[in-house]
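Just below is one structure, and these are the notes that go with it.
Read the figures in this text as sums done on the coordinates, not as results from a lab. Not measured: the values here are computed from a predicted model. Heads up, the Cβs are rebuilt from the backbone with ideal geometry, glycines too, and the neighbour counts pull from every protein chain shown.
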Amino acid sequence: MEQIKKAGPLQGLKVVDFTIALAGVYISWQLADMGAEVWKIERKGAGDQARTWDPFINGLSTLYTAYNKNKQSIELDLRAAAGKQAVFDMVKEADIVLENFKSGSIDRLGLGYDVLRQINPRIVFVSLSGFGGSGPLLKYPCYDAIAAARGGFAATNGEPDGAPMKAGNANCDTLTGTHALNAALMGVIQARRTGQGCHIDIGMTDTVMVACGETLLDYTRGQYQQARFGNHDRFTAPYGLFETRDGWAAVIADTEPRWQAVCSVLGRPEWAADPRFATNADRIAHRDELVQAMEAETVHWKRRDLEKALLAAGVPASEVLPFIEAYTSDHANATGCTQWVDQAKIGLMRFYTNPLQFDDQPCPIHCGAPLLGQDSRQVLESIGYTAEQIDQLYADGVVASSMF
Amino acid sequence: MSKPLEGLRVLDVSEGIPYIGSMFADYGAEVLKVERPGAGDAVRGRGASQNVSYASYYLRGKKSLAVDYTVPAGAQIVARLAAGVDMVVFTAAEDTLRPLGLDYASLKAANPKLVYGVLTPFGEAGPWKDLPDYDLLVMARSGLLEKTGFPEKPTKFGFPLGYVYASWHLTAGMMAAYLAAQSSGEGRKVSCSSWQTMMQLDDTFAECFQALNTLPKRLGNGFPTTNPTDTFRCKNGWFALSVGSDAQWLGFAHEAGMDAVWGEGTVYAHDPERSMDHYFGELDGQLRDYFATITIEEADQICRRAMVPGGPCNTVVELASDEQVAIRNMLIPVGGETQLGVPAKFVGQDGQDSGIAPGEALGASTRPVRAGAGIAPAQLDELQAQGVIACGE
């Protein structure tokens with residue numbers, strides 16, 4: 001079926017992508033969804049480390065496929081001079097270089113910013129790492145859970161007297177990737193304005209400190225009390241998660257009429273006149289009692305019924321949906337939350353569509369994730385290599401198409 | 001050298017979600033924030049019940065214009081301002097803006113290069129599109145909240161994670177559209193659903209469902225494929241450990257002086273014996289007992305010697321005096337107080353960490369932008385008396 005679509009906003013933008021871990025891979029995925037041409041440079045014979053991660057279908061990691069659709073894979077021996085030359089030739093045409101090797105590794109490989117800027121002074125070179133490119137932690141390894149710990153992200157979540165809590169997904173990786181995506185585009189905007197590229201250094205622990213924005217002000221103003229506040233808001237009550245018969249529901253009563261509606265829906269109109277709960281300030285002061293009293297009622301409700309009754313009474317509320325109920329919801333199905341894609345080695349798979357729309361059109365998924373070296377030849381052709389030159393690179397073992 | 005977004009002009013008509021404007025303002029764009037006369041943006045009231053305010057942080061680097069754009073005279077002012085900027089952004093569906101003449105087609109007519117951003121909780125279509133606009137409700141419907149926390153109950157995030165993510169996605173999309181407009185002369189509408197943002201971040205749930213026909217579990221601080229990953233209470237605080245391979249595990253066991261219990265030759269030496277299926281049994285208990293006997297500083301040294309990912313669960317108290325944080329300029333002075341710095345470092349562009357202006361009082365820029373907003377000097381008082389605008393001093 002022929003579809004008429006406006007090209008993605010980043011059509012024509014070219015990205016040389018060395019990223020091998022989630023935080024970086026996320027940036028190039030987003031750029032690819034918006035229409036950029038992403039040349040995923042993969043180590044000969046090995047490739048992206050996510051290719052080896054559970055779970056697999058037909059030997060291909062579905063984790064790998066999720067974050068690499070719409071990209072092209074070039075399998076190269078970066079230690080060979082001809083492999084480096086191929087990178088240089090790509091960089092000449094490119095706008096952005098992305099890397100998230102251990103700090104300094106790309107310099108030792110001879111492909112650092114100081115080298116590549118000589119080849120293309122307008123290049124925007126993004127280095128993403130756990131702790132950034134400086135400081136005493138520079139050389140130490142960092143995973144998502146460690147960035148969550150060191151950056152204060154985990155300490156922000158959970159009960160005040162319980163353990164700090166990281167997210168159920170690798171959110172420090174993707175949160176950093178999302179910020180770095182912005183930085184990369186800022187770099188391109190600046191390069192178009194000034195003619196000068198730049199080197200952007202971004203760390204996961206630095207980025208996730210955004211979680212501490214408010215408590216930092218509490219601390220520096222001398223009003224510090226605590227880092228985390230459990231399942232209920234600090235300033236408004238009720239505002240949080242309540243247990244139900246079959247799970248949990250979020251309930252927010254941020255005005256007095258909404259609080260009165262909560263009382264009436266829960267069949268406890270007398271609470272509205274209870275001096276412990278009369279005003280928001282009273283409810284904050286007696287928050288634990290309030291939550292306990294409300295939960296004694298909500299545990300008799302099914303979460304969906306509670307949501308319906310509260311919404312009908314004008315109270316912001318939602319059942320807390322398990323993944324599968326969100327994934328298969330009417331809303332997911334009506335809004336094209338996922339799209340069927342023909343994935344090499346696997347066949348039809350559902351991929352999430354991008355959250356961004358341009359002129360009310362979703363970002364198209366042109367192709368699934370590439371097999372290792374799937375596009376080596378085509379990319380080299382597109383930057384001007386002849387068929388003979390490419391054959392020679394294959395024969396010399398500099399370029400490969402392992403296709404796993 | 002200048003900041004990366006110097007010269008970019010953004011009209012920020014967001015309400016209660018400051019992260020969009022802040023992404024632009026923190027990196028040098030000129031952000032004019034439109035607020036309701038009277039109370040202003042909801043972020044100004046955050047914490048007011050406890051006599052604290054975070055407005056200085058959320059509004060930093062932005063100019064404040066107080067206009068009620070829900071009335072025709074105010075909408076006209078916003079439309080007039082949109083004609084002279086590169087980007088405008090709303091946190092309301094376009095359908096609600098159309099009757100005010102603030103839809104994309106209307107604004108584009110006067111400014112073809114305009115980038116028109118829209119952030120909504122659930123998108124502009126579908127059965128959930130009119131549900132209330134709160135981060136917690138978006139999170140509740142995304143699956144992530146239900147999967148965050150210990151097995152016994154989900155844990156709410158301590159900050160609006162969904163709106164931060166969605167705001168940053170929208171700003172990226174708007175910058176992509178701006179780049180396209182620079183060469184084509186044509187802007188675009190860019191819209192982002194916060195819910196869809198949280199769904200597509202999922203890195204394992206859908207994949208495990210498709211590949212293994214299994215559903216995710218709520219694992220506390222664990223991670224299904226990196227074992228052990230967990231958080232332990234040391235003598236003096238919480239410590240996170242995330243072991244990514246057998247080699248790292250053996251190194252950790254050695255530096256911890258526990259070769260005989262956890263090292264080569266023991267049942268835990270190789271995965272999958274440390275995997276989640278086994279983990280909540282004996283090894284979990286052993287690790288808890290072990291960490292309870294040492295301090296977080298000792299745990300940190302063990303991980304550093306073994307080159308194993310590990311670290312203390314810092315709170316602002318630790319971060320405020322952390323050498324790493326200081327070297328990375330992650331605490332910066334803004335308007336006489338200490339605030340968070342900016343994470344993306346444009347290497348060699350001096351001054352990016354120190355030059356963020358404090359936020360403005362409500363309506364402080366109403367008078368200065370009067371001419372650009374198409375308000376005749378004589379109209380100022382009248383519009384102010386009608387409550388359409390407010391002029392802060």
Potential lengthening between residue A:92 and residue A:49 on full extension [0.36 nm per residue; Cα-Cα distance subtracted]: 12.8 nm
So for chain A, what percent of the C-alpha to C-alpha distances run longer than 39 Å? 33 percent
Could you calculate the FRET efficiency of residue B:266 with residue B:338 from 1/(1 + (r/R0)^6), where r is the beta carbon distance between them and R0 is 51 Å, rounded to 0.05? 0.60
Computed FRET efficiency, Cβ-Cβ of residue A:388 and residue A:344, R0 30 Å: what is it to the nearest 0.05? 0.60
What does the average come to when, for each residue of peptide B:186-195, you count the partner chain Cβ atoms lying within 10 Å of its Cβ? 5
For residue A:268 and residue A:80, calculate 0.36 nm times their separation in residues minus their Cα-Cα distance, and state this gained length in nm to one decimal. 60.1 nm
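Once every DSSP H run of n ≥ 4 in chain A is given -39500 (n - 2.57) and the sum is divided by its residues, what mean residue ellipticity at 222 nm do you get, rounded to the nearest 500 deg cm²/dmol?
-10500 deg cm²/dmol
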Per residue of B:322-331, count partner chain C-beta atoms within 10 Å of its C-beta, then hand back the mean as an integer. 6
Burial ranking of peptide ranges B:61-74, A:205-218 (average Cβ count within 10 Å, highest at the top): A:205-218, B:61-74
If each residue's Cβ is checked for other Cβ atoms within 10 Å, how do B:268, A:143 rank with the fewest at the top? B:268, A:143
What aspartates and glutamates sit close enough to residue A:44 to cross-link, taking a C-alpha to C-alpha distance under 15 Å and skipping anything fewer than 8 places away on the same chain? A:17, A:75, A:77, A:375, A:396
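I need the shape label for segment B:195-235. Rule: rounded when a/c is under 1.5, else prolate if a/b > b/c, else oblate, with a, b, c from the alpha carbon gyration tensor.
It comes out oblate by the Cα gyration axes.
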Just to confirm my numbers, what's the Cα centroid distance between segment A:98-138 and segment B:346-386 in Å? 38 Å
Quick one: Cα centre-to-centre distance for segment B:63-103 and segment B:242-263, in angstrom? 59 Å
Quick one: among B:78, B:13, B:52, which has the greatest mean-square fluctuation in a GNM of chain B with alpha-carbon springs under 10 angstrom? B:52
Place the peptides B:235-244, B:16-25 in order of packing, highest mean first, counting for every residue the other Cβ atoms within 10 Å and averaging per peptide. B:16-25, B:235-244
Packing-wise, with mean Cβ within 10 Å as the measure, how do B:213-219, A:145-151 rank, highest first? A:145-151, B:213-219
Simple spin-label model, 7 Å along Cα-to-Cβ: residue A:278 to residue B:233 in nm? 3.9 nm
Residues of segment A:276-320 with backbone nitrogen within less than 14 Å of a virtual label 7 Å along the Cα-to-Cβ line of residue B:130, please, listed as ranges. A:311-314
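From the P(r) of the protein assembly as shown, could you give the percentage of C-alpha pairs in the tail past 36 Å?
Working: 140995 of 317206 pairs.
Considering the protein assembly as shown, 44 percent of its Cα-Cα pairs are separated by more than 36 Å.
Add -39500 (n - 2.57) for each DSSP H run of 4 or more in chain B, then divide by its residues: what number comes out at 222 nm, to the nearest 500 deg cm²/dmol?
Helices in chain B give a 222 nm mean residue ellipticity of -9000 deg cm²/dmol.
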Projected label distance in nm at residue A:58 and residue B:357, using a 7 Å step from Cα toward the beta-carbon: 5.8 nm
In whole Å, largest first, what are the principal axis extents of the Cα atoms in segment A:239-321? 32, 23, 18
Expressed in angstrom and ordered largest first, the alpha-carbon extents of segment B:229-317 along the principal axes are 40, 25, 21
Which whole-angstrom value gives the distance between the alpha carbon centres of segment A:215-271 and segment A:1-67? 41 Å
If you project the alpha carbons of segment A:245-287 onto the principal axes, what extent comes out on each, in Å, largest first? 31, 19, 16
Any idea what the relative contact order of chain A is, in percent, if you count C-alpha pairs under 8 Å spaced at least 6 apart? 19 percent
What is the count of Lys pairs in chain B whose alpha carbons sit under 14 Å apart, if the two are 8 or more places apart or on different chains? 8
Most exposed first by the Cβ proxy, i.e. fewest other Cβ within 10 Å, how do B:141, A:287 rank? A:287, B:141
One finds, for residue B:70 and residue A:333 with R0 = 35 angstrom and r their Cβ-Cβ distance, a FRET efficiency to the nearest 0.05 of 0.55
Relative contact order of segment A:239-321, please, whole-number percent, based on alpha carbon pairs below 8 angstrom and at least 6 residues apart. 43 percent
Where does each of A:37, B:298, A:289 land when they are ranked from fewest to most other beta-carbon atoms within 10 angstrom? A:289, B:298, A:37
Karplus-derived 3J(HN,Hα) from phi for segment A:106-111 (6.51 cos²θ - 1.76 cosθ + 1.60, θ = phi - 60°), whole Hz, x at Gly and Pro, runs 5, 5, 5, 6, x, 10
Given points 7 Å out from each Cα along the Cα-Cβ axis, report the residue A:302 to residue B:183 separation in nanometres with one decimal. 5.5 nm
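What does the structure give for A:130-138 when I average, per residue, the other chain Cβ atoms found within 10 Å of the residue Cβ?
5
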